[in-house]
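Q: Below you will find the structure I want to go over with you.
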Amino acid sequence: MLQTITWTGTAARLLDQTKLPTQTTYVDITDEKQMWDAIKRLVIRGAPAIGVAAAFGVYLGLRHSTADSLKDFDQELDQVCAYLATSRPTAVNLFWALDRQKHVSQETRKQGSRTEEQMVQKIIQRLLAEALTMIDEDNRICRSLGQYGLPLLPTFPDRPTNILTHCNAGGLATVQFGTALAPIYVGAEQGRRFHIYADETRPLLQGSRITAFELQAAGIPATVICDNMAATVMSQGKVDAIIVGTDRVAANGDVANKIGTLNVAILAKYYNLPFYVAAPTSSIDLTLPTGDQIPIEQRDPAEITHALGRQTAPTNINTFNPAFDITPANLVTAIITEHGIALPPFTDSLKKLCDQR
Ligand code: MRU
């Protein structure tokens with residue numbers, strides 16, 4: 001499986017997902033501005049991967065700091081974090097990672113050192129160590145999430161289990177193993193047979209460019225469908241369950257995910273199919289009571305007016321391009337986390353699972 005982010009010793013190396021599925025190329029990120037741009041342009045994308053990238057961004061923005069007092073260093077840290085926070089607003093993992101790096105800075109100083117200047121250098125080393133820890137941790141979390149999710153998926157003696165997914169919440173949305181696709185990968189290791197319908201996911205085609213690419217590489221049978229074909233495959237009995245990822249889950253279980261997820265959830269309800277959301281607890285935001293408070297990223301109109309390498313809508317036409325939508329909790333069958341399954345009512349079940357993180 002490809003790794004979306006690695007540390008070379010001097011740079012954060014990102015798999016450039018804007019080039020998939022035809023080119024597998026990497027870019028080396030050496031400062032926070034390049035990291036901001038990589039997150040914004042979806043060179044690296046998917047909530048958990050964005051979080052890890054942001055953690056490296058903090059280190060890259062501070063590694064050459066010459067601050068000789070903790071006060072000056074804290075100012076620089078706040079500036080770098082505030083800057084990275086403006087890259088993409090919806091995935092809470094980004095803010096979670098920035099807070100985590102601030103926490104590292106506070107904890108490190110408690111350990112004591114001779115001078116503040118030495119302390120600053122020690123903190124900088126700890127920021128890198130924390131980002132590296134997050135890589136290993138992400139792999140463990142995704143695997144655990146896959147183990148919890150697998151038993152939810154029905155088995156059939158004479159055919160594979162058919163799953164529909166939207167966008168990409170696979171290995172390429174995390175460091176390596178994925179969230180929504182993790183139960184599939186864990187199941188495949190155990191000899192379970194799956195077939196996946198990948199919604200192509202307009203406007204940026206994460207489903208056809210990225211999900212289909214990684215499933216094919218993993219040897220999992222997959223069929224790409226246009227977003228407007230989901231109702232048809234469900235109505236024809238071709239889908240047994242839906243699993244999607246999430247960028248942020250509110251305390252009541254409302255789910256922000258790639259635009260079009262809400263359509264799929266409504267269809268699932270109509271066709272009486274289970275609709276599962278895979279969410280590492282780092283994607284659960286208990287500070288927001290409902291999905292109404294989740295900030296939704298609005299993206300460049302050109303993503304809508306241009307496709308297939310050409311202009312596909314009239315010049316100066318109005319567009320509406322929210323990158324995410326909110327699926328209300330009452331359409332969600334269960335939320336799969338690395339600590340177990342949250343069932344409705346989510347306000348209680350999510351809190352219990354988050355208490356374990
Ligand atoms: O705009 P993207 O490609 O970053 O959107 C990604 C998604 O919507 C994913 O489903 C979500 O981040 C979960 S990733 C495990």
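One line per residue, one yes/no per condition, for (1) closer than 23 Å to residue 294 by Cβ; (2) part of a helix (DSSP H, G or I); (3) in contact (Cβ under 8 Å) with a residue 40 or more places away in the chain:
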{"residue": "93", "(1), (2), (3)": "yes, yes, yes"}
{"residue": "98", "(1), (2), (3)": "yes, yes, yes"}
{"residue": "133", "(1), (2), (3)": "no, yes, no"}
{"residue": "138", "(1), (2), (3)": "yes, yes, yes"}
{"residue": "141", "(1), (2), (3)": "yes, yes, yes"}
{"residue": "158", "(1), (2), (3)": "no, no, no"}
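Q: What are the residues in segment 235-253 that are of a type in the set (Ser, Thr, Tyr) and within 11 Å of the ligand (Cβ to nearest atom), if any?
A: If the condition is that a residue be of a type in the set (Ser, Thr, Tyr) and within 11 Å of the ligand (Cβ to nearest atom), then 246 is the only one that fits.
Q: Let me spell it out: the conditions are (1) within 23 Å of the chain's Cα centre (by Cα); (2) farther than 19 Å from residue 167 by Cα, and residue 299 meets all of them except one. Which number is the exception?
A: Failed condition: (2).
Q: Mind listing just one residue for me: the one in segment 26-79 that is at pLDDT 95 or above and acidic (Asp, Glu) and, of those, nearest to the ligand (Cβ to nearest atom)?
A: 37
Q: Restricting attention to segment 189-209, report how many residues are touching an Asp or Glu at 6+ places or on another chain (Cβ under 8 Å) and either of a type in the set (A, V, I, L, M) or outside any loop (DSSP other than H, G, I, E, B) (or both).
A: 4
Q: Considering only residues of segment 315-357 that are β-branched (Val, Ile, Thr) and under 19 Å from residue 292 (Cβ atoms), which is surrounded by the fewest Cβ atoms within 10 Å (Cβ to Cβ)?
A: 347
Q: Can you say whether residue 266 is aliphatic (A, V, I, L, M) and out of contact with any Ser or Thr (no Cβ under 8 Å at 6 or more places or on another chain), as far as the supplied structure shows?
A: Spelling it out, residue 266 is indeed aliphatic (A, V, I, L, M) and out of contact with any Ser or Thr (no Cβ under 8 Å at 6 or more places or on another chain).
Q: Every residue in segment 232-247 that is in contact with a Phe, Trp or Tyr (Cβ under 8 Å, 6 or more places away or on another chain), more than 11 Å from residue 163 (Cα to Cα) and either hydrophobic (A, V, I, L, M, F, W, C) or buried (at least 19 other Cβ atoms within 10 Å of the Cβ) (or both), please.
A: 247, the sole residue that qualifies.
Q: With the requirement that a residue be of a type in the set (Gly, Ala, Ser) and more than 10 Å from the ligand (Cβ to nearest atom), what does segment 159-196 give you?
A: Result: 187, 188, 191.
Q: Inside segment 3-24, can you point out the residues that are among the charged types (D, E, K, R) and without any contact (Cβ under 8 Å) to a residue 24 or more places away in the chain?
A: Matches in segment 3-24: 13, 19.
Q: Filter segment 248-299 down to the residues that are among the acidic types (Asp, Glu) and surrounded by fewer than 16 Cβ atoms within 10 Å (Cβ to Cβ) and list them by number.
A: 292
Q: I need every pair where a residue in segment 256-282 that is closer than 22 Å to residue 349 by Cα has its Cβ under 6 Å from the Cβ of a residue that is assigned to a helix (DSSP H, G or I) and among the aromatic types (Phe, Trp, Tyr), sequence separation at least 6 or different chains.
A: Going by the 6 Å Cβ cut-off, the qualifying pairs are 282/96.
Q: Related question: Go through (1) in a helix (DSSP H, G or I); (2) within 18 Å of residue 131 (Cα to Cα); (3) within 16 Å of the ligand (Cβ to nearest atom) for residue 104 and report which single condition fails.
A: The failed condition is (3).
Q: Confirm whether residue 257 is closer than 20 Å to residue 342 by Cα and within 16 Å of the ligand (Cβ to nearest atom).
A: Yes.
The values are calculated or read from the model by the stated rules, or taken from the named source; none is laboratory data. Treat the numbers as computed from the prediction; the structure is a model and nothing was measured. So basically every Cβ, Gly included, is an ideal-geometry build from the backbone, and we count neighbours across all protein chains shown.
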